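Just so you know, all these numbers are worked out from the coordinates, no wet-lab data involved. In this text the structure is predicted, and so the values were computed from the model without any measurement. Neighbour counts are summed over all protein chains in view; Cβ atoms, including those assigned to glycine, are modelled from backbone coordinates with ideal geometry.
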There are 2 protein chains.
Amino acid sequence: MPGQEEHILRANFAFYTAFRNADLAAMEAVWARRWPVTCLHPGWQALIGRDEVFKSWRAIFGGGNSPPVEVSDATLQQIDNAAIVLCTERIYKTELAATNLFALEDGDWKMVHHQAGLVTIEEARSVVTLPVGLN
Amino acid sequence: MPGQEEHILRANFAFYTAFRNADLAAMEAVWARRWPVTCLHPGWQALIGRDEVFKSWRAIFGGGNSPPVEVSDATLQQIDNAAIVLCTERIYKTELAATNLFALEDGDWKMVHHQAGLVTIEEARSVVTLPVGLN
C-alpha cells in the first residue's frame, strides 16, 4: 500500500501529542484495537495486551502530567500493511531511541508496539522509574 | 499468511545463534537484503541501512567473540507479511528487552529491525559500551 508515509507519520505524531498532553483518550485512539499490542517502556518488562499497556499509560499520566517528551529524526520503513517508525525522544536531558510499529486497521494506521531505549544513560534513573506505581 | 509462527521463531533463533557464535556470515543471512534494515543497539544512535548495521556487527564480533547472550520469553505478533518477536536477552547479569522485526522476503522471514533496551541498568555501562570502536 504505497503513498502512506504521511498517514503513518501522522499516527506517530498523534502518539507523541497524546503522550505530551497526558491525554489517555487520545492515546487509546492511537493504539490498535484488533491487532495485539505490546509496549516496552525503558527499564520495564514487556507489557503485553491492551490491559497491561493502558495500565502503564494511566500510571504515567496519573497526576495529569507526563514527561515533556520531544521527538526528532523520524525514519520510516513500510512492510505492506505494517510500518515501523524510528525516532529520537528527549525527556529532560535524557535521549532515547524509539521503535514505533503501526499496522493498518480498518484503513487507519494504529500503533501495535512501542519501545523506547536509553541512548544516554547519565540520567537513566529519572527515566526508567517513570511509570511509578505500575507494579 | 497463517501458520508461519514456527518459521518466524526459527528466524529469531537464527539471529541469536549467529550473535552467540559471532558468526558474521550467518548474521548476514538472517537480515533482509531487499527490505531496508535498521538496528538500535543499547546505548547507541539508530543504525540505518545494511552498511551501518553490519559495521556494528563486525565491531561486536571483532575479536572473534561476542557477548554470551541468552534469550527467553519470546512473544510473537504477526501483521500479514511482517512479524514482531519480543524477547528477553540476558548478557552476563544485565537483562534487556528486545524487539525483533521480520519481513517475508522471497518466501523467507528476514530480520528488518532489531532493538535491545536495558531492563536492569545496574551493569548498564558494560553493555552499552559493547560495540567498542564503532564510531
Exercise for the section: Give me the Debye-computed log₁₀ of I(q)/I(0) at q = 0.16 Å⁻¹ for chain B, equal point scatterers on Cα only, no solvent, two decimals. Expected result: -0.77
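Taking N as the number of residues in the protein assembly as shown, what is its alpha-carbon radius of gyration divided by 2.2 N^0.38 Å?
For the protein assembly as shown, the normalised Cα radius of gyration comes out at 0.94.
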Fill in the blank from the handout: Treating only Lys and Arg (+1) and Asp and Glu (-1) as charged, each at its beta carbon, one finds that the protein assembly as shown has a dipole about its Cα centre, in Debye to the nearest 20, of 400 debye
Exercise for the section: Taking chain A as the reference, fit the longest principal axis to its C-alpha atoms, fit the long axis of helix A:50-60 to the helix C-alpha atoms, and give the angle between the two in degrees, 0 to 90, nearest 10. Expected result: 40 degrees
Exercise for the section: Rounded to the nearest 10 degrees, what's the angle between the helix A:5-20 long axis and the longest principal axis of chain A, both from Cα atoms, 0 to 90? Expected result: 20 degrees
Fill in the blank from the handout: chain A, Gaussian network, Cα under 10 Å: of A:77, A:45, A:115, the residue fluctuating most is A:45
Practice task
Name the lysines eligible as straight-distance cross-link partners of residue A:55: C-alpha to C-alpha under 22 Å, and not fewer than 8 places from it in the same chain.
Solution key: A:110
Problem - Dipole-positive endmost among A:76, A:38, A:66 within region A:26-114 (Cβ charges, Cα centre) - result: A:66
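Loop-only check: which chymotrypsin sites (Phe, Trp or Tyr not before Pro) in region A:43-127 are DSSP coil with at most 12 other Cβ within 10 angstrom? Walk me through the intermediate numbers first.
Working: sites: A:44, A:54, A:57, A:61, A:92, A:102, A:109; in loops: A:44, A:61, A:92.
Passing sites in region A:43-127 are A:92.
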Fill in the blank from the handout: Distances in nm between the label point of residue B:51 (7 Å along Cα→Cβ) and its equivalents in the other copies, shortest first, are 4.9
Practice task
Kindly give the distances from residue A:5 to its copy-mates, label point to label point, with each label point 7 Å from Cα along Cα→Cβ, as nm values to one decimal ordered shortest first.
Solution key: 3.8
Problem - Across the identical copies, how the residue A:64 labels are spaced - nm, sorted shortest first, 7 Å along Cα→Cβ - result: 6.4
Problem - Projected area, mean over directions - region B:20-97, Cα convex hull, nm² - result: 5.9 nm²
Handout entry: Shape parameters for region B:1-64, alpha-carbon atoms, Rg then Dmax in Å
Key = 12.7, 41
